[in-house]
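Chemist: The structure follows.
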Amino acid sequence: MKFIWNYLKRYKAYLFINLISGFGFIIINLGIPTIIAKGINTNFHNQDMSYIIKISLYMLLFALVGLGSLILLAYFSNKLVSNVTRDMRNDLFKKVQSLSKDNYDEFGVSRLLTNTGNDAYTIMQFLIMILRIGVMAPFMFIASVFLIFTQSKLLAIITVLAIPTMVIAMILINLKTEKLSIHQQKGLDKINLQIRETITGLRVIRGFNRQDFKAEQFDYVSSDYANVSKKLFQTIGVVSPAFTLIFTVVQSSVMYFGVNQVNDGILEYGMLVAFIEYVFMALLSFLMLGSVLMMLPRAQVAVARIKEVMDSEPTIYSKKNAIKNNNIEGRVEFKNVSFAYSNDSEKSVLKDISFTSKPGETVAFIGSTGSGKSTILKLIPRLVDVTEGSITIDDVDIRDYDLSYLRKNIGYVPQKSTLFSGTIMENLKFGNRDANEEEIKRATSIAQANEFINSHPDGFNRVLSEGGTNLSGGQQQRLCIARALTRDVPIYIFDDTFSALDYKTDSVLRHTLKENITDATFFIVAQRVGTIMDADKILVIDNGEVVGVGTHKELLNSCEVYYQIASSQLTKEELEI
């Protein structure tokens, strides 16, 4: 459990107080039976009332100190566990943000959600038990057994004989619960996957009237999880009645032989009473330790799953001594770039892509669906990395730039509109948190978003629902464009960004963009020829290869693929212009 200890040792003061409180509680718990035994032995026949009051006050004092120790133990263990769980979740969240696409493909989003939620919670439960019970139980057991042996070896042997049975039972149960815990956590991953897919795809499910089908799918994974959980909890549930039976047998034996020893004059009345308490404490501490060990397999599974994510290395990262301050101008060059996804390395998505763009130029990409247009643009901010060849910005390989610095110099608008819950202003400042009101309004003006923003009573303070679903597709897209434009950067990437806009808004937005930002390099992926007709350079992509490069007019005469796309969208008169 080195992984957990690395978090615990951050709070050594809390841990120290926790240990001291636990030891204090043990001493008090074992001290009270000793006082009772002394009181009975000393005053069994004399019945001295003043002595009884004195002993009672001692017991009250011990009880108050024990209560104080227990309160401190509960407070500091909860505080310690809360801080550790918070730190663990924060570190995991930061790690998840640093992971590359290959890592996400390996783990899956549902697994990562379970790691952050359920796995961290399982560890939290285990830590609470360890700090409250796991620390006290071994020492209480050792101290109790020691006191038992000092009073009567015969009765001590009876108590100790029960231990091997309890140990064997715990080992067998742990072996079974570990396998069930692994299965249970994987089942929870599947449940999260079903919930996530159902919520995000609800409109599609309703559109095809497949609610019953999805309900059946969820019922299947939910039932599987329930069955595994039932077996797990049934296995753990055996512990309490089994150990209670052992308790009863041991205590009955101690009572029988103890009374005989009292009658024979070997043992005093008071010590028999104390002895019964010591036996109870010994067995109870062993039972508490057993309950901690029952949690151990589940905690080990949770730790292993989280540690697997924490130990994973992102495939895209910054080099040591990476470039962070060279004032990027925006001159981009692709040199014989090829790309294949790691899980399908034999099939290249892009093959031998080469082109150059200069600051102030607009470079557009067009081609059939799945031809690799969006993948080309993802290579520039290193959302994925080239397999062969290189990409340079201002004659520097992008892999030599600090990753954060590289992305800070790029305004990226993805193909799918992504907005976050919060106000419109908060979403816009997500692109540039230092943007002032004037810069925000300039960005929304260029993006043609001012009209629908100002038409709402709350304006920029309008609250968006999760994913911005209370806006239309075109409004979402314009806000995403405005968010990128809040940055004054040398490179802008628009990945099929204008597809959700009507032709008029598309045209006005692009012209306004070019008029207001003249020195940046623009990369545009589009399906509509009308969107890219005015581009300085158009690359026609077909099956991952560049099959044509030039202006709109040049490509109409030189590239058959481009002409076919254009002729399917433009009139004959427009083709001849």
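Chemist: Going by what's in this entry, would S181 be described as surrounded by 16 or more Cβ atoms within 10 Å (Cβ to Cβ), more than 31 Å from the chain's Cα centre (by Cα) and of a type in the set (S, T, N, Q)?
Modeler: The answer is no for S181.
Chemist: Which ones in the stretch 182-218 are more than 22 Å from T114 (Cα to Cα) and outside any helix (DSSP H, G or I)?
Modeler: F208, N209, R210 - these are the residues of the stretch 182-218 that are more than 22 Å from T114 (Cα to Cα) and outside any helix (DSSP H, G or I).
Chemist: For the stretch 89-100, check the following and say yes or no: at least one residue is farther than 23 Å from R298 by Cβ and small (G, A, S).
Modeler: Checked against the condition, which is being farther than 23 Å from R298 by Cβ and small (G, A, S), the stretch 89-100 yields at least one hit.
Chemist: Is it the case that the stretch 288-300 has a residue that's more than 30 Å from F139 (Cβ to Cβ) and touching a Gly at 6+ places or on another chain (Cβ under 7 Å)?
Modeler: no
Chemist: Please name all residue pairs, on different chains or six or more residues apart, with Cβ atoms under 9 Å, provided the first residue is in the stretch 152-177 and is under 18 Å from A274 (Cβ atoms) and in contact (Cβ under 8 Å) with a residue 60 or more places away in the chain and the second residue is surrounded by 16 or more Cβ atoms within 10 Å (Cβ to Cβ) and of a type in the set (S, T, N, Q).
Modeler: Final answer for the pair search is S152/Q261; L154/Q261; L155/S253; L155/Q261; I158/S253; T159/S144; T159/S253.
Yes or no, residue by residue, for (1) within 30 Å of E515 (Cβ to Cβ); (2) crowded, with 16+ Cβ neighbours inside 10 Å; (3) touching a residue at least 12 places away in the same chain (Cβ under 8 Å):
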site: D311; (1), (2), (3): no, no, no
site: A322; (1), (2), (3): no, no, yes
site: V332; (1), (2), (3): yes, yes, yes
site: K347; (1), (2), (3): no, no, no
site: L350; (1), (2), (3): no, yes, yes
site: K358; (1), (2), (3): yes, no, yes
site: G367; (1), (2), (3): yes, yes, yes
site: I376; (1), (2), (3): yes, yes, yes
site: R382; (1), (2), (3): no, yes, yes
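Chemist: Go through the stretch 549-561 and give me each residue that's crowded, with 17+ Cβ neighbours inside 10 Å and more than 19 Å from F522 (Cβ to Cβ).
Modeler: Selection gives L556, C559, V561.
Chemist: Hey, another quick one. Could you tell me which residue of the stretch 443-482 is nearest to the chain's Cα centre (by Cα), considering only residues that are closer than 27 Å to S374 by Cβ and in contact (Cβ under 8 Å) with a residue 60 or more places away in the chain?
Modeler: Checked the stretch 443-482; the qualifying residue nearest to the chain's Cα centre (by Cα) is C480.
Chemist: With the condition kept exactly as written, say whether any residue in the stretch 54-62 is farther than 30 Å from E197 by Cα, without any contact (Cβ under 8 Å) to a residue 40 or more places away in the chain and of a type in the set (D, E, K, R).
Modeler: yes
Chemist: Then there's this: Please go through the stretch 489-539 and give me each residue that is free of Cβ contacts under 8 Å to residues at least 24 places away in the same chain and farther than 19 Å from V549 by Cα, ordered by number.
Modeler: Matches in the stretch 489-539: K504, S507, H511, E515.
Chemist: Any residue that is without any contact (Cβ under 8 Å) to a residue 40 or more places away in the chain and surrounded by fewer than 20 Cβ atoms within 10 Å (Cβ to Cβ) - is there at least one of those in the stretch 122-140?
Modeler: no
Chemist: Something else: Against the definition (over 30 Å from E308 (Cα atoms), of a type in the set (A, V, I, L, M, F, W, C), in contact with a Ser or Thr (Cβ under 6 Å, 6 or more places away or on another chain) and assigned to a helix (DSSP H, G or I)), how does L72 come out, yes or no?
Modeler: Here the answer is yes, as L72 does meet what is asked.
Chemist: How many of the residues in the stretch 540-577 are without any contact (Cβ under 8 Å) to a residue 40 or more places away in the chain, in contact with a Leu (Cβ under 6 Å, 6 or more places away or on another chain) and in a strand (DSSP E or B)?
Modeler: Qualifying residue count for the region: 1.
Chemist: Spot the failing condition for S318; the list is (1) assigned to a helix (DSSP H, G or I); (2) more than 17 Å from E106 (Cβ to Cβ); (3) out of contact with any Gly (no Cβ under 7 Å at 6 or more places or on another chain), and only one is missed.
Modeler: (1)
Chemist: Let me ask something else. Might you check whether a residue that is of a type in the set (V, I, T), at pLDDT 90 or above and under 36 Å from the mean Cα position of the chain (by Cα) occurs anywhere in the stretch 500-517?
Modeler: Taking every residue of the stretch 500-517 in turn, none turns out to be of a type in the set (V, I, T), at pLDDT 90 or above and under 36 Å from the mean Cα position of the chain (by Cα).
Chemist: While we're on this one: Is it true that F257 is more than 29 Å from K186 (Cβ to Cβ), modelled with pLDDT of 75 or more and not small (G, A, S)?
Modeler: yes
Chemist: Filter the strands (runs of 3 or more DSSP E) completely within the stretch 330-440 down to those with at least 1 residues that are more than 25 Å from the chain's Cα centre (by Cα) and either of a type in the set (D, E) or under 19 Å from T315 (Cα atoms) (or both).
Modeler: Filter on the stretch 330-440 gives 332-339, 350-357, 388-393.
Chemist: In addition: Can you name every residue in the stretch 241-286 that is touching a residue at least 24 places away in the same chain (Cβ under 8 Å) and among the polar types (S, T, N, Q)?
Modeler: Q251, S253, Q261, S285, listed by residue number.
Chemist: Restricting to the stretch 259-295, give me the number of residues that are aromatic (F, W, Y) and in contact with a Leu (Cβ under 7 Å, 6 or more places away or on another chain).
Modeler: Adding up the residues that qualify gives 2.
Chemist: How many of the residues making up the stretch 219-238 are out of contact with any Ser or Thr (no Cβ under 7 Å at 6 or more places or on another chain), part of a helix (DSSP H, G or I) and either touching a residue at least 24 places away in the same chain (Cβ under 8 Å) or closer than 25 Å to F107 by Cα (or both)?
Modeler: Number satisfying all stated conditions: 12.
The values are calculated or read from the model by the stated rules, or taken from the named source; none is laboratory data. What you see is a predicted model, and the numbers here were worked out from it, not measured in a lab. Virtual Cβ from ideal backbone geometry, glycine too; neighbours counted across all protein chains shown.
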